[in-house]
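Reviewing the structure listed below.
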Amino acid sequence: MGVIYILWLRQLKRHFRSKARLIGSLGQPLLFLFALGFGLGPVFQQAGRGNYIQFLVPGVIAMTILFTGVFSGIEIIWDKRFGFLKETLVAPISRFQIMIGKTLGGATVAMIQGLIVLGISSLIGFKIENPSLLPLMFLFMFLIALLFTAFGTAIASVLEDMRGFQLIMNFLVMPLFFLSGALFPLEGLPKVIVIISKINPLSYGVDALRAVAVNGSYFGLFNDFLVLSVITFLLLIIGSYLFSKIQI
């Protein structure tokens, strides 16, 4: 447990040491909040769907966690290239502990980023309808963070090229986000889009946050929790296996 804690703490220090990195990672979610939230808000309201900010914020929080969690995997490639990972891997500790420590660190950073977006959103009018459910919202935020950090770690474990990682992640991450229902309701969409959304794990994360925050669920809260938990568990196993195969 001591090793996991040290690696977790190292990930946090790495991320928050750079103010530019912290501010830059908030640029995209803030753009979505202000440009879409206020730009499409009147259209959304005229369509009889209510307040768009209330609908949009859970999706933007999930997007923030998704991007931060997945791209934390790039640090593994960075450590491979400059030899830092080799120093860690030759230590008399299991690779599983190393992977879990790095994943927990990346997931914590992603969740903190999500909390910052939640705080900013509350300043522009977003309100959680039942504040007593806030701890449950934090639980789902951490599940989403853990899932996609483990996903990023698994991909980074088999790659050597930083640019290749970015290309692959952009190819995967953008469809995950846009087809998750983060920006638009899933009701009434073409059947193909609905099917894709149902096999997209982020859809269940967005739905869970929306269910807890604004009482609006498409899949059902229990289904959201079940899918997120199972996929997170599977990705942790796959990520641990791939991480254990890294050659030094």
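Contact annotation: residue pairs with Cβ atoms under 8 Å, 6 or more positions apart or on different chains, pairing a residue in the range 123-152 that is at pLDDT below 90 with a partner that is not in a helix (DSSP H, G or I), are 125/51; 129/215; 130/215; 152/72; 152/73.
When residue 166 is tested against (1) modelled with pLDDT under 90; (2) among the polar types (S, T, N, Q); (3) in contact with a Ser or Thr (Cβ under 9 Å, 6 or more places away or on another chain), exactly one condition is not met: (3). The lone criterion from (1) touching a helix residue (DSSP H, G or I) at 6+ places or on another chain (Cβ under 7 Å); (2) not in a helix (DSSP H, G or I) left unmet by residue 113 is number (2).
Can you confirm whether the range 227-238 contains a residue that is more than 15 Å from the chain's Cα centre (by Cα) and more than 28 Å from residue 100 (Cα to Cα)? No, the conditions are met nowhere in the range 227-238.
Is it the case, given these coordinates, that residue 215 is of a type outside the set (A, V, I, L, M), closer than 19 Å to residue 134 by Cα, out of contact with any helix residue (DSSP H, G or I) (no Cβ under 6 Å at 6 or more places or on another chain) and modelled with pLDDT under 90?
Details: of a type outside the set (A, V, I, L, M): yes; closer than 19 Å to residue 134 by Cα: yes; out of contact with any helix residue (DSSP H, G or I) (no Cβ under 6 Å at 6 or more places or on another chain): yes; modelled with pLDDT under 90: yes.
In short, yes.
Taken together, 231, 246, 238 contain a single residue that is in contact with a Lys or Arg (Cβ under 8 Å, 6 or more places away or on another chain) and closer than 24 Å to residue 104 by Cβ, which is 246. Taken together, 36, 12, 56 contain a single residue that is at pLDDT 85 or above and part of a helix (DSSP H, G or I), which is 56. What are the residues in the range 155-203 that are assigned to a helix (DSSP H, G or I), within 30 Å of residue 220 (Cα to Cα) and more than 17 Å from the chain's Cα centre (by Cα), if any? 191, 192, 193, 194, 195, 196, 198, listed by residue number. Given (1) farther than 30 Å from residue 50 by Cα; (2) at pLDDT 90 or above, where does residue 176 come up short, assuming only one miss? Among (1) farther than 30 Å from residue 50 by Cα; (2) at pLDDT 90 or above, residue 176 violates only (1). Please go through the range 218-248 and give me each residue that is under 16 Å from residue 201 (Cβ atoms) and part of a loop (DSSP other than H, G, I, E, B), ordered by number. Within the range 218-248, 218, 219, 220 qualify.
The values are calculated or read from the model by the stated rules, or taken from the named source; none is laboratory data. None of these values were measured; they are calculated from a predicted model. Cβ: placed from backbone, ideal geometry, glycine included. Neighbour counts: every protein chain shown.
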